[in-house]
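Student: I am attaching a structure below and will ask some questions about it afterwards.
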Amino acid sequence: MCGRYTLIDPRRIAEAMTRDYGFDVQSESGLQQSFNVAPSQLVPVVRAGESARFTVALMRWGLVPFWDKSEKPRIAPINARSEEAFNKPMFRQSLQRRRAVFPCDGFFEWQASVRGPKTPFLIRLSGGRPFAIVGMYEEAGGRPDPTCALLTVSPNELMAPIHSRMPAIVDAAAVRRWLAPGPITADEMASLCQPYPAVQIEAHRVSTLVNNVRNNTPECVQALD
């Protein structure tokens, strides 16, 4: 599902996005440290700007469909299954016209248990390297902020015992194609949205402190034995 993620080291994320992905990202561009990024919050999202430049914008996490003009939207999904989103009217226009990327350095997932509460895990690239998750956005349309949602894929071998989904993490080449102007085909989207290799990912159990969105401290990401 990927309902939480991290911006533990904004400076490192900004440097990686600029160096590896070609984004001219500065730490002050909305990349503020957070150990527990949650839905409905304003999050930094990279999108293609004018003259094919990539820009960072703060968006509300939870995509409001372009046709919903109500004061209190009834639906605002935080993510979409990549295998289904292309053919869903709710996401089709965003995917064709307003693709985006979420910079981050980790995400949380909860492992179900036969007995007791779910166990939270922090999943990161090896060494805590920053990475990008592909998604989409909608313009504000009279609301205070644009809104956004990320895409998910089937789990890799490491993720499968933890959860049935994982975010669509992509490398630099895939990011550039994702943010390129113009439409995208179903085949292109399927080739880009694949489970990230398990050998490049690590996971560790963390405290249930992360369950509460009000908790945003280093203890949320600290590994438990």
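None of the figures in this text is laboratory data; all of them are computed from the coordinates on show. Just so it is clear, the structure is predicted and the values come from calculations on it, not from any experiment. FYI the Cβ positions are ideal-geometry reconstructions off the backbone, even for glycines, and counts take in every protein chain you see.
Student: What are the ³J(HN,Hα) couplings of region 196-205, residue after residue, when phi is run through the Karplus curve with 6.51, -1.76, 1.60 and θ = phi - 60°? Round to Hz, x for glycine and proline.
Tutor: 5, x, 4, 5, 9, 10, 10, 9, 9, 6
Student: So if I restrict to the alpha-carbon atoms in the chain, what is the Rg, and what is Dmax, the biggest pairwise distance, in Å?
Tutor: 16.6, 55
Student: Follow-up. Return Thr119, Thr147 ranked ascending by Cβ neighbour count within 10 Å, so the fewest neighbours appear first.
Tutor: By the 10 Å Cβ count, ascending: Thr119, Thr147.
Student: Provide the per-residue ³J(HN,Hα) series for region 73-86, in order, calculated from phi with Karplus coefficients 6.51, -1.76, 1.60 and θ = phi - 60°, each as a whole number of Hz, with x at glycine and proline positions.
Tutor: x, 6, 10, 7, x, 8, 8, 8, 6, 4, 6, 10, 4, 4
Student: For a Förster distance of 25 Å, can you work out the FRET efficiency between the beta-carbons of Glu157 and Ser126, rounded to the nearest 0.05?
Tutor: 0.95
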